[in-house]
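The values are calculated or read from the model by the stated rules, or taken from the named source; none is laboratory data. Values in this document were obtained by computation on a predicted structure and should not be read as measured data. Here the Cβ positions follow ideal geometry from the backbone for every residue, glycine too, while neighbour counts run over all protein chains shown.
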Amino acid sequence: MDLTNAVLQGVLLGGLYAIFATGLSLVFGVMRIVNLAHGDFATLAAFVALVLVTGVGLPVWATLLVVVPVLALLGYAVQRLLLQRALSPSPLPVLLVTFALSIVIQNGLLEVFSSDQNRLRLGRLDTASLHVGAFALGVYPLLVFVVAVLILAGLALFLSRTRTGRAMRATSDDREAAQLAGVDHRHVYGVATALAFATVAVAGVLSGAQTSFTPSSGPSLLIFAFEVVIIGGLGNLWGSLAGGIVLGVAQNVGAWVDPAQQVLAGHLVFLLVLALRPQGLFGRAVPA
Amino acid sequence: MTALLEVRDVEARYGDALALSRISLEVAEQQTLAVIGANGAGKSTLLRCLAGLMPVSAGQIRFRGESLDRVPAHRRVAAGISLVPEGRRLFASLTVTDNLLVGAHQRRPGPWDLDAVFEALPLVAQRRDRYAGALSGGEQQAVAIGRALMANPELLLLDEVSLGLAPVVIKQVYEVLPAIKAAGTTVLVVEQDVRQALAVADEVHCLLEGRTTLTGPAGSVSQEEVARAYFGV
Ligand SMILES: Nc1ncnc2c1ncn2[C@@H]1O[C@H](COP(=O)(O)OP(=O)(O)OP(=O)(O)O)[C@@H](O)[C@H]1O
Ligand SMILES: [Mg+2]
């Protein structure tokens, strides 16, 4: 593989990372909380899809029709029944609750599925590639990238054009003022979490067809999502895409230099951005 | 005739500190009540209790005869109570128009919509596409009032809308009050500026350190009575 190809594949991988990151970013933007189980819910989604593929015989794309709504509902319930009660001026209770969720999900999955590597099989799409000049691009990574752009565009439209999206931005600016305007902030929080879970479900399933996963894949997915959010700039939708692309390219170029250093290269670029531009590439400097 | 708003022996606390002590008042429909008092008298606390941002520790608040116990803030907006909070509290990252549209979140029917607000508040109309965070104090105050009107309230609570504004801007902001009253809205204004409050109100209610020190028709209280109630001398 030559360098240009490594960069191109990295760009496409960035789309997947952007989907992982956007839910984390949305939840932080609206509620100022970090869900430490974010990656584990992606793994959970991938395992549910696996059951639907192997048990029911659904094609991978069709599992999304089940997994996405189910995780969205789960997200709403988790917010209203668990996280809402843990919300407080201190971020600690929510961190503890989501950390506990992360452990529960990992152990639950381990109980049911063992620690084997799993992969969602796509059939012909697994190997199909598109030749553009001298480059060969996988059709599936290209599709994932398109899905990522569509998801981000959809979210942007939702936030800017719809009544609930507007209420979400208002609640993020000033929760009490939003209540005074007639917004039920707990419902808005539930919807934001539902959206985050829906996107993380898409990411979990799409990623499960691209790389193998185990019950303990969640934390590394969380780290990637977290790095993307920081690189792109908090609370910036298109920043997530840019951040995802930067991380994806860094990892693939790292792997091109030395296949063992793929993940390390990503972490290094993340640390570099954090040191040189802590507000992220597209973030506004936030006054302390 | 029953009052639109009835407050009976209301107490409110911040931790152990009593901020309101057995406050009772009534506001009849289409009347304007001014609540006056010095710094820390408990005016904002009273309005926060009415709007549902803060629980009362004793007593009762009734709106149209129904208790507001355990009714959350957004349901009170749906019932017809809107507060223009102290410090304006606009959504800084939203445009003026979006701020107004959030105000209409409950979709209560009534005379106020974007066009009506723009017509009544020229200060708002001129800035409709700006981000709220980029407005001057007077413009922000006008938008905050417009946002509350978008909910088509029956009872409008105004917390120190003149605070920090130049006299000419205060005059502009208060110019919208007749239009609000003409729409049949009942108004409760909180002011430190006693003259401004008495000029617009039918009734006056003075607080001092969380207690009522004077009540009466705005036209018949004397300056000395007000001064004594206000400063507690
Ligand atoms: N968040 C709070 N925590 C603790 N005490 C508070 C809080 N807010 C207000 N108080 C206290 O409650 C009392 C009433 O305050 P409140 O803000 O209601 O007064 P106010 O009449 O609105 O004053 P101002 O004219 O300065 O706005 C004051 O003694 C104040 O110090
Ligand atoms: Mg006050």
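Hey, any hits in segment A:119-130 for a residue that's in contact (Cβ under 8 Å) with a residue 12 or more places away in the chain, at negative phi and assigned to a helix (DSSP H, G or I)?
There is at least one residue in segment A:119-130 that is in contact (Cβ under 8 Å) with a residue 12 or more places away in the chain, at negative phi and assigned to a helix (DSSP H, G or I).
Filter segment B:113-134 down to the residues that are within 14 Å of another protein chain (Cβ to nearest Cβ) and not β-branched (Val, Ile, Thr), then identify the one that is farthest from residue A:173 (Cα to Cα).
Here is the first cut: in segment B:113-134, the residues within 14 Å of another protein chain (Cβ to nearest Cβ) are B:114, B:117, B:129, B:131-134.
This time we only want the ones that are not β-branched (Val, Ile, Thr), so: B:114, B:129, B:131-134.
Working: B:114: 22, B:129: 18, B:131: 12, B:132: 11, B:133: 11, B:134: 14 Å.
Applying the filter and picking the extreme gives B:114.
Just one of (1) within 16 Å of ligand 1 (Cβ to nearest atom); (2) among the polar types (S, T, N, Q); (3) part of a strand (DSSP E or B) trips up residue B:60, so point out which.
Result: residue B:60 fails condition (1) only.
Which of (1) within 16 Å of ligand 1 (Cβ to nearest atom); (2) surrounded by fewer than 16 Cβ atoms within 10 Å (Cβ to Cβ) does residue B:162 not meet, given it meets every other one?
Going through the list (1) within 16 Å of ligand 1 (Cβ to nearest atom); (2) surrounded by fewer than 16 Cβ atoms within 10 Å (Cβ to Cβ), residue B:162 breaks only (2).
Going through segment B:1-41 one residue at a time, which ones are of a type in the set (A, V, I, L, M) and not in a strand (DSSP E or B)?
Filtering segment B:1-41 for residues of a type in the set (A, V, I, L, M) gives B:1, B:3-5, B:7, B:10, B:12, B:17-20, B:23, B:25, B:27-28, B:33-36, B:38, B:41.
Within segment B:1-41, B:1, B:3, B:4, B:28, B:38, B:41 qualify.
Looking at segment B:178-188, is at least one residue away from chain A (no Cβ under 14 Å) and in contact with a Pro (Cβ under 7 Å, 6 or more places away or on another chain)? Spell out how you get there, then give the answer.
Of segment B:178-188, the ones away from chain A (no Cβ under 14 Å) are B:178-188.
Retained after the next criterion (residues that are in contact with a Pro (Cβ under 7 Å, 6 or more places away or on another chain)): B:183, B:185.
Taking every residue of segment B:178-188 in turn, at least one turns out to be away from chain A (no Cβ under 14 Å) and in contact with a Pro (Cβ under 7 Å, 6 or more places away or on another chain).
Consider only pairs whose beta carbons are under 6 Å apart and that are at least six residues apart or on different chains; among these, list those whose first residue lies in segment B:1-28 and is within 14 Å of chain A (Cβ to nearest Cβ) and more than 19 Å from residue B:44 (Cβ to Cβ) and whose second residue is within 16 Å of ligand 2 (Cβ to nearest atom) and in a loop (DSSP other than H, G, I, E, B).
If the second residue must be within 16 Å of ligand 2 (Cβ to nearest atom) and in a loop (DSSP other than H, G, I, E, B), no pairs are left.
Listed here are the residues, each with its yes/no results for (1) at positive phi; (2) at pLDDT 95 or above; (3) more than 16 Å from ligand 2 (Cβ to nearest atom).
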| position | (1), (2), (3) |
| --- | --- |
| B:47 | no, yes, no |
| B:51 | no, yes, no |
| B:56 | no, yes, yes |
| B:61 | no, yes, yes |
| B:69 | no, no, yes |
| B:75 | no, yes, yes |
| B:81 | no, yes, yes |
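Would you mind stating whether residue B:59 is touching a Leu at 6+ places or on another chain (Cβ under 9 Å) and either under 21 Å from residue B:198 (Cα atoms) or of a type in the set (Val, Ile, Thr) (or both)? Step through it out loud before you land on a result.
Working: touching a Leu at 6+ places or on another chain (Cβ under 9 Å): yes; either under 21 Å from residue B:198 (Cα atoms) or of a type in the set (Val, Ile, Thr) (or both): no.
Criteria not met by residue B:59.
Which one of the conditions (1) more than 18 Å from residue B:191 (Cβ to Cβ); (2) buried (at least 17 other Cβ atoms within 10 Å of the Cβ); (3) within 14 Å of another protein chain (Cβ to nearest Cβ) does residue B:75 fail to meet, given that it meets all the rest?
That leaves (2) as the condition not met.
Against the condition in a helix (DSSP H, G or I), loosely packed, with under 15 Cβ neighbours inside 10 Å and in contact with a helix residue (DSSP H, G or I) (Cβ under 8 Å, 6 or more places away or on another chain), how does residue A:73 come out, does it pass?
On the way: in a helix (DSSP H, G or I): yes; loosely packed, with under 15 Cβ neighbours inside 10 Å: yes; in contact with a helix residue (DSSP H, G or I) (Cβ under 8 Å, 6 or more places away or on another chain): yes.
So residue A:73 fits the description; yes.
Could you grab me the full set of residues in segment B:86-96 that are more than 7 Å from chain A (Cβ to nearest Cβ) and surrounded by fewer than 20 Cβ atoms within 10 Å (Cβ to Cβ)?
Matches in segment B:86-96: B:86, B:87, B:95.
Considering each of B:65, B:110 in turn, give the residue that is within 14 Å of chain A (Cβ to nearest Cβ), more than 16 Å from ligand 1 (Cβ to nearest atom), out of contact with any helix residue (DSSP H, G or I) (no Cβ under 6 Å at 6 or more places or on another chain) and more than 26 Å from residue B:193 (Cβ to Cβ). Spell out the reasoning first.
Numbers: B:65 fails: within 14 Å of chain A (Cβ to nearest Cβ).
Only one candidate passes the filter, namely B:110.
Mind checking which pairs have a first residue in segment B:34-45 that is closer than 15 Å to residue B:84 by Cβ and at pLDDT 95 or above and a second that is within 8 Å of ligand 2 (Cβ to nearest atom) and of a type in the set (Asp, Glu), Cβ under 6 Å, 6 or more apart or different chains?
Matching pairs, first to second residue: B:44/B:86; B:44/B:159.
Would you be able to say whether some residue in segment B:88-100 is under 21 Å from residue B:185 (Cα atoms) and within 16 Å of ligand 2 (Cβ to nearest atom)?
There is at least one residue in segment B:88-100 that is under 21 Å from residue B:185 (Cα atoms) and within 16 Å of ligand 2 (Cβ to nearest atom).
Out of B:33, B:5, B:18, B:25, I need the residue that is of a type outside the set (D, E, K, R), touching a Gly at 6+ places or on another chain (Cβ under 7 Å) and away from ligand 2 (no atom under 13 Å from the Cβ). Which one? Give the derivation first.
Details: B:33 fails: touching a Gly at 6+ places or on another chain (Cβ under 7 Å); B:5 fails: touching a Gly at 6+ places or on another chain (Cβ under 7 Å); B:25 fails: touching a Gly at 6+ places or on another chain (Cβ under 7 Å).
B:18 is the lone residue from the list that is of a type outside the set (D, E, K, R), touching a Gly at 6+ places or on another chain (Cβ under 7 Å) and away from ligand 2 (no atom under 13 Å from the Cβ).
Here is a check on your reading of the model: is residue A:112 closer than 28 Å to residue A:59 by Cβ and more than 14 Å from every other protein chain (Cβ to nearest Cβ)?
Values: closer than 28 Å to residue A:59 by Cβ: yes; more than 14 Å from every other protein chain (Cβ to nearest Cβ): yes.
Yes: the conditions hold for residue A:112.
When the residues of segment B:171-201 are filtered to those that are within 15 Å of the chain's Cα centre (by Cα) and among the acidic types (Asp, Glu), which remaining residue is surrounded by the fewest Cβ atoms within 10 Å (Cβ to Cβ)?
So the residue we want is B:193.
Check whether at least one residue in segment B:121-138 is of a type in the set (Asp, Glu), at pLDDT 95 or above and surrounded by 16 or more Cβ atoms within 10 Å (Cβ to Cβ), and report yes or no. Before the answer, list the steps.
In the first step, residues of segment B:121-138 are kept if they are of a type in the set (Asp, Glu); the result is B:129.
In the following step, the residues that additionally are at pLDDT 95 or above were identified as B:129.
Still in the list and also surrounded by 16 or more Cβ atoms within 10 Å (Cβ to Cβ): none.
No: segment B:121-138 contains no residue that is of a type in the set (Asp, Glu), at pLDDT 95 or above and surrounded by 16 or more Cβ atoms within 10 Å (Cβ to Cβ).
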